[in-house]
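S.K.: Below is the structure I would like to discuss, written out as structure tokens.
The values are calculated or read from the model by the stated rules, or taken from the named source; none is laboratory data. Please read all numbers here as calculations on a predicted model, not as lab measurements. Neighbour counts are summed over all protein chains in view; Cβ atoms, including those assigned to glycine, are modelled from backbone coordinates with ideal geometry.
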Amino acid sequence: MPHTDKPHTVIIGAGAVGGYVGAHLARAGVDITFVDAWPEHVEQIRGKGVRVSGTQGDYTLPVKALHIAEVQQLVKTPVDIAIIATKSFDTAWSARMIRDYLAPEGFVVSMQNSINEYKIADIVGWDRTVGCVLNTIGVSTVGPGHLARHRLPGGDAHPVFRIGEVHCRVTPRAQRLAAMLKHVDGSMVTTNLWGERWSKLATNAMQMGILGATGLCNEEIIGDAQIRKLIIGAAAESVQVARAHGFDMEPIVYVELDCWLRAARGDEASVQTVEAALFKYLARQTESGRKGHGSLGRDILGGRRSEIDAVNGMIADKADELGIAAPIHRGLTTIVRRIERGELTPSKSNILGLIAGATERRELLHV
């Protein structure tokens, strides 16, 4: 139980996801503190409040905000729930930073891309680690202190927040966290955290690497028949790797896993099913979202480090562990790394070889 009847919730990484979620929670009366490394962002929130806009309205409200250099102030107000919403490569230091400020029953929640519960548990303990899969929220940072949502709310029909304990049992704290997040959008407790994680990882990986490698926007990659073949192939590779490791994946964008495998092999009916699902997935975004580049694409275009190693790279590494071929994910990882180093520039030409290879490999994909 929290040390008070109003749990102190700290969000580490108040960017697109953390800032947007935290603002809605604060608006609902949750005791929220932001911790972020971007000085202008923190100062804007302190001076004028945090602004959110997009598909759930436009408002500004005050929220407590600390720079990471000021996190020692939390010694006065122990943390009941620490939500890590940073990039995956910032997970370990974030967990170490907040560990000593947790209340006796406090716990840490990963609200991130990729699968970072392992890293967090190594630092704070498995008993203090909870997962939260976002499926899918669609938010971005407009500027200092301003976050926007460009995907339509899911509500109870499409719970965005999937709360899961690492041991996959339902607990009171998971139920309380799910109830709290309903102030933002649809929320549920899952008994299949790892399957949800892999489904979200597959959903991200079939788009993010392509967005980063090409510089194209969401509607451009889904609207391109050649690139859709690569998207389908990437999803199929993810399914094969997850199954080989023994994970019971959830459907990808509401399409059963075997359908993705059949589509990757060229089965026309399955191709039509998954392509219809991709266009429906795209249609749930606003125009700005459809023309957006996703978080990884934005980072590449902005000259920043991306999460490619934790998304496509993670799947490629997990494939290597078992000697499974995952050339699409390995290829996208290599291309994006080269762009980060300045050796390539984003272009569709970067992925033409992978598109051709996805077609040639159809006979290797099996149901």
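S.K.: Give the residue, chosen from Arg162, Arg262, Arg169, that is basic (Lys, Arg), farther than 17 Å from Leu282 by Cα and in a helix (DSSP H, G or I). Break it down stepwise before answering.
M.R.: Values: Arg162 fails: in a helix (DSSP H, G or I); Arg169 fails: in a helix (DSSP H, G or I).
On inspection, the qualifying residue turns out to be Arg262.
S.K.: Could you figure out which of (1) of a type outside the set (Phe, Trp, Tyr); (2) buried (at least 24 other Cβ atoms within 10 Å of the Cβ); (3) not in a helix (DSSP H, G or I) isn't true of Ala235?
M.R.: Ala235 satisfies all of (1) of a type outside the set (Phe, Trp, Tyr); (2) buried (at least 24 other Cβ atoms within 10 Å of the Cβ); (3) not in a helix (DSSP H, G or I) except (3).
S.K.: Quick one: Ser114 ticks every box in (1) under 29 Å from Arg284 (Cα atoms); (2) surrounded by fewer than 22 Cβ atoms within 10 Å (Cβ to Cβ) bar one, so which box is it?
M.R.: (2)
S.K.: Considering only residues that are part of a loop (DSSP other than H, G, I, E, B) and of a type in the set (Val, Ile, Thr), look in region 290-332 and name the one that is nearest to Leu261 (Cα to Cα). Outline the logic, then answer.
M.R.: Applying the first criterion (part of a loop (DSSP other than H, G, I, E, B)) to region 290-332 yields 291-293, 302-307, 311, 322-326.
Right, trim to of a type in the set (Val, Ile, Thr) and you get 311, 324.
Numbers: Val311: 20, Ile324: 15 Å.
Filtering first and then ranking leaves Ile324.
S.K.: Go through the residues of region 6-14 one by one and say whether even a single one is closer than 21 Å to Arg99 by Cα, at pLDDT below 95 and over 25 Å from the mean Cα position of the chain (by Cα).
M.R.: Yes, some residue in region 6-14 is closer than 21 Å to Arg99 by Cα, at pLDDT below 95 and over 25 Å from the mean Cα position of the chain (by Cα).
S.K.: (1) in a helix (DSSP H, G or I); (2) surrounded by 16 or more Cβ atoms within 10 Å (Cβ to Cβ): which one isn't true of Glu250, the others all being true?
M.R.: (1)
S.K.: Scanning for something more than 19 Å from Leu152 (Cβ to Cβ), part of a helix (DSSP H, G or I) and in contact (Cβ under 8 Å) with a residue 40 or more places away in the chain, does region 268-284 turn up at least one residue? First the steps, then the outcome.
M.R.: To start, the set of residues in region 268-284 that are more than 19 Å from Leu152 (Cβ to Cβ) comprises 268-275.
Still in the running and part of a helix (DSSP H, G or I): 268-275.
Now narrow it down to the ones that are in contact (Cβ under 8 Å) with a residue 40 or more places away in the chain: 274-275.
Among the residues of region 268-284, at least one is more than 19 Å from Leu152 (Cβ to Cβ), part of a helix (DSSP H, G or I) and in contact (Cβ under 8 Å) with a residue 40 or more places away in the chain, which makes the answer yes.
S.K.: Another question, if that's okay. Of the conditions (1) closer than 23 Å to Gly15 by Cβ; (2) in the same structural domain as Glu105 (by TED's automatic domain parsing); (3) in contact (Cβ under 8 Å) with a residue 12 or more places away in the chain, Asn204 fails just one. Which one is it?
M.R.: If we test Asn204 against (1) closer than 23 Å to Gly15 by Cβ; (2) in the same structural domain as Glu105 (by TED's automatic domain parsing); (3) in contact (Cβ under 8 Å) with a residue 12 or more places away in the chain, just (2) comes out false.
S.K.: Would you please name the residue that is farthest from Asn116 (Cα to Cα), looking only at residues in region 188-202 that are buried (at least 21 other Cβ atoms within 10 Å of the Cβ) and not hydrophobic (A, V, I, L, M, F, W, C)?
M.R.: Among them, the one singled out is Thr190.
S.K.: Still on this structure, please answer the following. Go through the residues of region 206-216 one by one and say whether even a single one is outside any helix (DSSP H, G or I) and among the small types (Gly, Ala, Ser). So that I can check it myself, show each step before the final result.
M.R.: Going through region 206-216, the residues outside any helix (DSSP H, G or I) turn out to be 206-207, 215-216.
Applying the additional criterion that residues be among the small types (Gly, Ala, Ser) yields 215.
Yes, because at least one residue in region 206-216 is outside any helix (DSSP H, G or I) and among the small types (Gly, Ala, Ser).
S.K.: Starting from residues that are surrounded by 14 or more Cβ atoms within 10 Å (Cβ to Cβ) and either acidic (Asp, Glu) or out of contact with any strand residue (DSSP E or B) (no Cβ under 9 Å at 6 or more places or on another chain) (or both), keep the ones in region 279-292 and report whichever is nearest to Gly215 (Cα to Cα).
M.R.: If we take residues in region 279-292 being surrounded by 14 or more Cβ atoms within 10 Å (Cβ to Cβ) and either acidic (Asp, Glu) or out of contact with any strand residue (DSSP E or B) (no Cβ under 9 Å at 6 or more places or on another chain) (or both), then Arg290 is nearest to Gly215 (Cα to Cα).
S.K.: Within the set of pairs 6+ apart or on separate chains, which have a first residue in region 243-257 that is over 17 Å from His158 (Cβ atoms), a second that is exposed (fewer than 14 other Cβ atoms within 10 Å of the Cβ), and C-beta atoms under 6 Å apart?
M.R.: From region 243-257, the pairs are Ala244/Leu322.
S.K.: May I ask you to list the residues in region 123-159 that are in a loop (DSSP other than H, G, I, E, B) and of a type outside the set (Val, Ile, Thr)?
M.R.: Taking region 123-159 first, the residues in a loop (DSSP other than H, G, I, E, B) are 125, 135-138, 144-145, 150, 152-154, 158-159.
Once the filter is applied, which keeps residues that are in a loop (DSSP other than H, G, I, E, B) and of a type outside the set (Val, Ile, Thr), region 123-159 yields Gly125, Asn135, Gly138, Pro144, Gly145, His150, Leu152, Pro153, Gly154, His158, Pro159.
S.K.: Scanning region 49-64 for residues that are in a strand (DSSP E or B) and without any contact (Cβ under 8 Å) to a residue 40 or more places away in the chain, which turns out surrounded by the most Cβ atoms within 10 Å (Cβ to Cβ)? Can you show your working first?
M.R.: Initial filter on region 49-64 (in a strand (DSSP E or B)): 50-54, 59-61, 64.
Imposing the further condition that a residue be without any contact (Cβ under 8 Å) to a residue 40 or more places away in the chain reduces the set to 59-61, 64.
On the way: Tyr59: 13, Thr60: 15, Leu61: 13, Lys64: 17.
Here the answer is Lys64.
S.K.: Which of the residues that make up region 65-86 are among the β-branched types (Val, Ile, Thr), touching a Gly at 6+ places or on another chain (Cβ under 8 Å) and not in a loop (DSSP other than H, G, I, E, B)?
M.R.: First, the residues of region 65-86 that are among the β-branched types (Val, Ile, Thr): 68, 71, 75, 77, 79, 81, 83-84, 86.
Subset that is touching a Gly at 6+ places or on another chain (Cβ under 8 Å): 79, 81, 83-84, 86.
Across region 65-86, the qualifying residues are Val79, Ile81, Ile83, Ile84.
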